[in-house]
Every structure is written in C-alpha cells, then in structure tokens.
Amino acid sequence: MRAAVIEEHGEPLTIQDVPYPEPQPDQVVIETEACGVCRSDWHAWQGDWEWFGIQTGPGQILGHEPAGVVADVGADVEQFSEGDRITVPFHLGDGSCQYCQRGHANICETSMPLGFLDAAPGAFAEAFPVREADFNCVTLPDAVDFTEMAGLGCRFMTAYHALTDRADLRPGDAVAIHGCGGVGLSAVHIADALGAEPIAVDVQEGKLDRARDLGAAATINADEADNVPGEVHAVTDGGADVAIDALGIAETCRNAVGSLDKQGTHVQVGLTTDEEAGEISLPVDTMTLQEIDFHGSYGMPPVRYDELFRLIDAGTLAPSKIVGETLALEDVPATLSSMGAYETVGIPVIDEF
C-alpha cells in the first residue's frame, strides 16, 4: 500500500510502497477514507518533543486525524466488524489504567499517540492498525461523513474539550483565542456556537477573516498591535474570562495569560517548538494576585464523542466549516512543509489515497 513516510527530519516526506498492516489480536485495520494534516504532524516531522519523551524517527508514517472503514479484525476484537465506519482519538489508550477506567483516556498511563511512534503507524496511508480496538474505536454516525470527521480530528475535539471541560465555558464569556490555525479556528466556532464571545488574535489577515466568518466577535492583528493583551482588555472592557493559547510559542502564551481579567482561566492547547523546548516563563505573581487559573488540555476523552455527534446532528457545531482544503496523498509533503510559514488556513484534509 502507499504511505507518506518520514525519511529525515525537516526533509520532504516521500510517498512509498509499504507492507499492508496485519492486525494483532486486539487490533483492527482501518482503510483510510480521510485524514487531517495537523501542526502536530509538522512538529513530529521537525523532530520536536524529545523533551517530553516522544521522538518520531525516520520510517514513521504520520497522520492522527483519521476516519475510515474496518478492513480486517483481530481475533480478540468483539465490538467491531469489517465494513464498520470508524474514527479513533489520536491518543490510543490501553483501556485498563486508572485514567481510562475513570473516563480520562486522553491521559492514559500508557497512551500511544497514533502516527508518532513505530508501534502506532499513522493514517497518511491507505490503511493503519488501531490497538485495543474495542476500547479506542468509535462508530461514526451515518450523518457525519469521512471528511467532516477528519476535520473534527484532533484539533476540533481538542478545542471542544479545552473550552467545555477545562475552561468550563459559559454563555456570555469573552474568550481570547491566540493563534488561528486549525485548533484556534475550531475554538472560535465552538465558542460562538455555545453562546460565548470569541476574540481572535493572529498575525495573518486571511486567518482573521476566516475567524470572523466563523463567529469571532472581534479580531486583533498581533503584528499591528503595540500591546496585544491591552487590545484584548480594551475590546472586552477589562479582560477576557477565558484565554486559549492555540499555538504554543512563548509570545502567544504570555499574551494569552496577560489578556485575562481577574479570576480568568487560561487553557494551554498549543505545544511548544524547539525554541521553547517545553519551558515558558510566566508572570506567576500577577497570576497569584489576580487568582488566574492555568490549565493544560490534551485531546478529548473518547467518551465525549457522543456529545459532539449530537451537537453536530443538531446543527449547533459544524466541523466542515473548519476544513480549509482537500488533498491527495501526493500533496501531503508540500502541505506539511508550508506549515512552517503558517500558510494553511483551516484544516487540510486528505481524501484521496
């Protein structure tokens, strides 16, 4: 089968013929119908993240925002059959640790990130295996098509978990969203759909235009603002209730924290690059005196998919609005390379394999 494979960090992926996967007893093999191309793929391709124990090496097949059809089933799998329409979270849990058992599989003790490690080859391929299939696979409703599900992928569901579970978003809250890539634009749409007032911050007018289309109550071009937190305070008449850093660089993280009102909540979604290597200095005394909360947010527990599907079915949420373009597998190397210049608007999705 064909797959897009890392040969060397920072060098274009190559389209190669690789062996078709055979399922282990606990696995299913899914034929890929659609898969998003995410900034996390870009990070892995760059060789980032060894500072927290993930080092994606040569030979890795990336891709962690998939939707597809079950093509083969391991001997121990009970809940899924060939032909089932499936999606999976990017953080594959073991189903047995204390966090999985309590409904927090996104922080599983032995989480296996799809497409980032040899043991979990990803979905930039015609097919891919999924470990602990009975626990990790989620049946895709007929009303949600494959491309829309790939748009829901890690970025949309990560934004949903960040806003609803970690920030406890309420109608009327002012939400300052710093960085309008796929996860940031998802956060704009979700915040607006749930009755909050999103303020979008980015350096590219094209992304701010898209944010306005998705419901941003105000936009701020960080390249043109002398003081980004001050601009947010002015727009919100005192500061945001919730701030999201959807990018993961020191500037956006500090700007996001600085844009909050007293007793505001910051949610860190973006992971850092090798410049920060996981460490960003913050104004902790100010955060203490103003009782500002700082939360991390990683993916979304798979038990929450049903809630997302209900909101999509009701027309409240529309992940398809965040899809920027559809691609063929051959387009992936160039698309991934372009992410270094932050050129993509919305979520690119592969739908031709």
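The values are calculated or read from the model by the stated rules, or taken from the named source; none is laboratory data. Values in this document were obtained by computation on a predicted structure and should not be read as measured data. With ideal geometry, Cβ positions are generated from the backbone for all residues, glycine too; neighbour counts draw on all protein chains shown. Accessible surface areas use protein heavy atoms only, side chains included; no ligands, DNA or RNA. Shrake-Rupley method; radii C 1.70, N 1.55, O 1.52, S 1.80 Å.
Annotations
- Within segment 314-332, being in contact with a strand residue (DSSP E or B) (Cβ under 9 Å, 6 or more places away or on another chain), in a helix (DSSP H, G or I) and either open to solvent by 20 Å² or more (accessible area, probe 1.4 Å) or of a type in the set (Val, Ile, Thr) (or both) holds for Ile322, Glu330, Asp331, Val332.
- Test for Val73: is it in contact with a helix residue (DSSP H, G or I) (Cβ under 8 Å, 6 or more places away or on another chain), hydrophobic (A, V, I, L, M, F, W, C) and over 22 Å from Ala328 (Cα atoms): yes
- Residues of segment 333-353 that are open to solvent by 60 Å² or more (accessible area, probe 1.4 Å) and either touching a His at 6+ places or on another chain (Cβ under 9 Å) or farther than 30 Å from Tyr20 by Cβ (or both): Tyr342, Glu343.
- Residue that is farthest from Met157 (Cα to Cα) [pool: residues in segment 94-113 that are open to solvent by less than 30 Å² (accessible area, probe 1.4 Å) and without any contact (Cβ under 8 Å) to a residue 40 or more places away in the chain]: Cys97
- Of the helices (runs of 4 or more DSSP H) contained entirely in segment 244-313, those carrying at least 2 residues that are surrounded by 14 or more Cβ atoms within 10 Å (Cβ to Cβ) fall at 250-258, 305-313.
- Residue that is at pLDDT below 95 and open to solvent by less than 20 Å² (accessible area, probe 1.4 Å), where the choices are Pro89, Pro66: Pro89
- Qualifying positions in segment 20-44 - open to solvent by less than 10 Å² (accessible area, probe 1.4 Å), touching a helix residue (DSSP H, G or I) at 6+ places or on another chain (Cβ under 7 Å) and within 28 Å of Leu271 (Cα to Cα): Ala34, Cys35, Gly36, Val37, Cys38, Asp41
- Meets criteria (over 28 Å from Thr158 (Cα atoms) and not in a loop (DSSP other than H, G, I, E, B)) for Asp72: yes
Residue-by-condition table, conditions (1) open to solvent by less than 20 Å² (accessible area, probe 1.4 Å); (2) modelled with pLDDT under 95; (3) of a type in the set (D, E, K, R); (4) under 16 Å from Glu251 (Cβ atoms):
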position: Asp173; (1), (2), (3), (4): yes, no, yes, no
position: Leu194; (1), (2), (3), (4): no, no, no, no
position: Val203; (1), (2), (3), (4): no, no, no, yes
position: Ala217; (1), (2), (3), (4): no, no, no, no
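Let's see how each residue does on (1) more than 22 Å from Asp142 (Cβ to Cβ); (2) out of contact with any Leu (no Cβ under 6 Å at 6 or more places or on another chain):
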site: Phe294; (1), (2): yes, yes
site: Asp306; (1), (2): no, yes
site: Phe309; (1), (2): no, yes
site: Leu317; (1), (2): no, no
site: Gly340; (1), (2): yes, yes
site: Val345; (1), (2): yes, yes
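- Residue in segment 302-315 that is at pLDDT below 95 and farther than 27 Å from Ala105 by Cβ present: yes
- Matching residues in segment 109-130 - criterion: being farther than 22 Å from Glu330 by Cα and touching an Asp or Glu at 6+ places or on another chain (Cβ under 6 Å): Thr110
- Any hit, segment 340-347, residues being closer than 30 Å to Thr14 by Cβ and hydroxyl-bearing (Ser, Thr, Tyr): yes
- Residue count for segment 56-84, restricted to those that are touching a residue at least 60 places away in the same chain (Cβ under 8 Å) and among the polar types (S, T, N, Q): 2.
- Scan segment 93-107 for residues that are within 17 Å of the chain's Cα centre (by Cα) and in a loop (DSSP other than H, G, I, E, B) and the total you get is 2.
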